[in-house]
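Working notes, beginning with the structure itself.
Each value in this text was obtained by applying a stated rule to the coordinates, not by laboratory testing. For clarity, every value in this text was computed on a predicted model and none was experimentally measured. Don't worry about glycine lacking a Cβ; one is built from the backbone with ideal geometry, like all the others, and counts go over all protein chains shown.
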Amino acid sequence: MTNAGTDFAVRLLAWFDVHGRRDLPWQQSKDPYRIWVSEVMLQQTQVQTVIPYFERFMARFPTVNALADAGRDEVLRHWSGLGYYARARNLHRAAAVIRDDYGGVFPDRLETAMALPGIGRSTAGAILALAMDRRHPILDGNAKRVLARHEAVEGWPGTAAVANRLWRIAERNTPETRVADYTQAIMDLGATLCTRSDPACDRCPVAADCRALNRVTDTFRLDPKVSVTQFPGRKPKKAKPLRSTTMVLASFDGHVYLERRPEAGIWGGLWSLPEVDDVDAWCRDTFGGEPVEVESWQVLRHSFSHYDLDIRPIVVRIDAPLSKVADSADVAWHRFDDTPPGGVAAPVRRLMEQLRNGSHD
């Protein structure tokens with residue numbers, strides 16, 4: 001490879017110089033912290049969804065030390081709605097490591113960055129490339145799609161063999177110079193032209209030797225876009241299991257009863273409505289008596305990546321003073337007009353708003 005990089009990189013950079021994205025809020029500086037937060041937020045989340053969350057998050061936690069010094073509940077509250085909450089918990093833990101072990105400075109070695117909670121090889125490489133122009137290949141979702149199509153790499157990238165092959169291609173194509181621009185360019189190409197379902201192959205700077213695009217032969221007659229979208233291979237489909245739970249909305253005098261969820265499992269560390277098996281028994285154990293009114297609402301289905309969850313909401317109105325259940329680190333009577341005590345998952349927030357508004361359709 002020459003110092004300028006492969007011909008692939010040369011063409012991609014020429015396209016980037018004209019069409020690349022430069023106005024995203026995390027691109028306004030080379031601060032590794034801002035780039036790190038953006039890279040974590042962008043995992044499995046669209047850019048337009050991330051932008052307002054990123055701006056609010058950075059306004060509240062402008063430095064890695066500010067994030068490290070903040071309470072977990074406040075961090076999760078600023079993440080509420082983005083989903084995949086392990087990202088926020090790992091971000092918070094990693095910030096504390098950077099504050100305590102690296103003097104608040106993001107480490108500049110790949111292996112050290114990868115040792116931080118929640119940072120894998122591609123994220124670490126992207127941060128070091130974008131912030132410091134260090135030569136490290138990346139393999140995020142956009143880069144995987146671009147490279148798998150350009151080289152017609154068959155199979156699902158979630159398997160070790162396919163991933164290893166893509167890493168070799170990524171390494172080969174990453175140039176020695178303008179690494180930050182190249183890294184942004186391959187992400188931009190995947191996000192804007194080499195999209196999952198409707199690629200704009202006629203405008204792609206590397207279409208001339210894209211093997212997926214050029215697989216249409218006498219024995220393989222498909223619409224070119226159909227052949228392109230076969231790459232990368234999809235994860236083998238499995239039927240999504242359906243789980244169910246009962247959530248209690250215990251209401252008293254404009255308040256709703258919330259509990260903090262365990263760190264492990266879904267919505268770890270977030271504040272939530274209690275999940276119960278027996279509503280009457282739970283009320284007796286928690287409040288020392290029977291509810292004065294019980295109402296069942298329509299089941300609410302919430303989809304996760306690996307399963308669907310049917311939530312059966314049960315509203316119980318109690319006639320007891322708030323002192324019956326004192327607030328603690330893991331229990332709270334939340335007043336509807338107040339800010340939640342911490343992060344709240346989207347379906348729980350929806351149910352709370354329905355309770356507040358008196359609507360459950």
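Points to keep in mind about this one:
- Computed from label points 7 Å out along Cα-Cβ, the spacing between A264 and D69 is 3.4 nm.
- Extreme residue, positive dipole direction of the chain, given options F54, I98, A160 (C-beta unit charges): A160
- Residue order, fewest to most beta carbons within 10 Å, for Y53, Y85, Y33: Y53, Y85, Y33
- With N the number of residues in the range 242-357, Rg(Cα) / (2.2 N^0.38 Å) evaluates to 1.01.
- Contour excess over end-to-end distance, with Cα ends at L242 and H19 and 0.36 nm allotted per residue: 75.9 nm
- Above 20 Å, the calculated P(r) of the range 7-229 contains 60 percent of its Cα-Cα pairs.
- Using R0 = 45 Å, the C-beta based FRET efficiency linking K235 and E295 works out to 0.65.
- With the charge dipole of the chain set up from +1 on Lys and Arg Cβ and -1 on Asp and Glu Cβ about the Cα centre, the Cα lying farthest toward the positive end among the listed residues A346, F252, V206 is that of V206.
- At full extension, A208 and Y307 could sit 31.6 nm farther apart than now, given 0.36 nm per residue minus the alpha carbon distance.
- Projecting label points 7 angstrom from Cα along Cα→Cβ for H255 and D330 puts them 2.0 nm apart.
- Based on DSSP H segments of at least four residues, each scored -39500 (n - 2.57), the chain has a per-residue ellipticity at 222 nm of -12500 deg cm²/dmol.
- Look at H306, H19, H334 and count the other Cβ atoms within 10 Å of each Cβ; fewest to most, that gives H306, H19, H334.
- Stretch gain in nm, segment R284-S197, where the contour uses 0.36 nm per residue and the Cα spacing is subtracted: 26.0 nm
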